[in-house]
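Below is one structure, written out as structure tokens; the observations come after it.
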Amino acid sequence: MAAAPGAHSFTPNMSLTTETTPVLDQHRFDEAALERFMKAHVEGFVAPLNVGQVRGGMSNPTFIMSGGNGNSYVLRKKPPGELLPSAHAVDREFRVISALWATDVPVAKPYVLCQDPDVIGVDFYIMGFADGRVFRHLELPELAPRERRAIYQAMVDVMAKLHQVEFRAVGLEGYGRVGGYLTRQLRRWTQQYQAAQTEAIEVMDNLMAWLPEQLPEEDETTIVHGDFRLENMIFHPTEPRVLAMVDWELSTLGSPLTDLAYNCVPYYFYDDQRGSLEHLDYARYGIPSEDEYVAWYCEKTGRDAIPHWKFYVVFSLWRLAAIVQGVYKRGLDGNASSPEAITRGEQVKQLSAMAWALVEQGARRRT
């Protein structure tokens, strides 16, 4: 499953947020209706409207739009077709970025949420545009070691800031339940996986039996992003500084350690599109080891250590497998955000196999 860095071809290492493609046929909508809506509801918008689709991303289709005066905006909408229950909640995305806009967590400026199907047929929201870099390859091959280290430090800094926001103070009380997060996540992703299942995978069944029996006690509730990874950050064009954390579809109130463990999945799993962090010479390469990265997080959040680390990693691998199964199913159904979705079926087996291997190995790495 694992491979050495550079052994495969990858998606482009980095892209600029100005880079778009023509709108995919399955995601086309009435641009004239959207232009009329933006004239009425988006401050500073001037016609005519120009729309391009963001490449990458497997869930809510994302579009970069520009107006006649040069101002740029981003639209996130639900995909077309029949959707899984509770999935693609763009209204929740809009609520959380609106709440975080006044904090030190970097997010795009929220403009407007629309849940009127007469505009473009599905729910959507519009936010500000961040002109910067998106790193799609985890090894950051285009950067020097010092720059790589600074990028990873910036990433963990944003995570620590997010987890230290008092959710009640920013109006997010009720955004999720306090306590019981892991139990609810296990139930939700079991249901989502089973609803999208296309074949029997024994290790997924094993994990769905093992995880509920190993639940650690939860003593902390924070805002969690739910998909916290490098590719969901827009960095300044030249500085190791995050301009905006994006893709908040899975955000809620929950255990912050799930964000951290999910962010560390690349230390365990090789993605043939984005690489991994498994086999690097960390000191030479500049990217922190898993131990060092987790230590940075602990230092920034005032923790001494993280008990039950193995559980959180296994949980994150399993949950990602369930998410990827949904992506794959949408690809088969023809309504995924990216053509890559149809290629993801094998990844479900790989992720779940790695998770079960960790279970069987017992005390591998940190327990």
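For the reader, a short list of remarks on this structure follows.
- The number of residues in region 172-194 being of a type in the set (A, V, I, L, M, F, W, C) and either surrounded by fewer than 14 Cβ atoms within 10 Å (Cβ to Cβ) or not in a helix (DSSP H, G or I) (or both) comes to 2.
- Qualifying residue in region 198-212 (condition: outside any helix (DSSP H, G or I) and among the acidic types (D, E)): yes
- Within region 132-149, the set of residues being in contact with a Leu (Cβ under 9 Å, 6 or more places away or on another chain) and either closer than 14 Å to P106 by Cα or of a type in the set (A, V, I, L, M, F, W, C) (or both) comprises G132, V134, F135, L138, L140.
- Scanning region 136-172 for residues that are closer than 26 Å to T222 by Cβ, touching a helix residue (DSSP H, G or I) at 6+ places or on another chain (Cβ under 9 Å) and either aliphatic (A, V, I, L, M) or in the same structural domain as S98 (by TED's automatic domain parsing) (or both) yields L138, I151, M155, V156, M159, A160, L162, V165, V170, L172.
- Filter result for F10 (crowded, with 16+ Cβ neighbours inside 10 Å, modelled with pLDDT of 80 or more and not hydroxyl-bearing (S, T, Y)): no
- Whichever residue in region 274-305 is assigned to a loop (DSSP other than H, G, I, E, B) and crowded, with 18+ Cβ neighbours inside 10 Å and, among such residues, is modelled with the lowest pLDDT: R274
- Looking only at residues of region 261-273 that are outside any loop (DSSP other than H, G, I, E, B) and within 16 Å of the chain's Cα centre (by Cα), we find that the one that is modelled with the lowest pLDDT is D271.
- For region 33-65, a residue qualifies if it is at pLDDT below 95 and in a loop (DSSP other than H, G, I, E, B), and the qualifying residues are E43, G44, V54, R55, G56, G57, M58, S59, N60, P61.
- Residue match in region 139-156 (condition: surrounded by fewer than 22 Cβ atoms within 10 Å (Cβ to Cβ), at pLDDT 95 or above, touching a His at 6+ places or on another chain (Cβ under 6 Å) and not in a helix (DSSP H, G or I)): no
- Test result for K349, of a type in the set (D, E, K, R) and at pLDDT 85 or above: yes
The values are calculated or read from the model by the stated rules, or taken from the named source; none is laboratory data. None of these values were measured; they are calculated from a predicted model. All Cβ positions, even for glycine, are placed from backbone atoms using ideal geometry, and neighbour counts span all protein chains on display.
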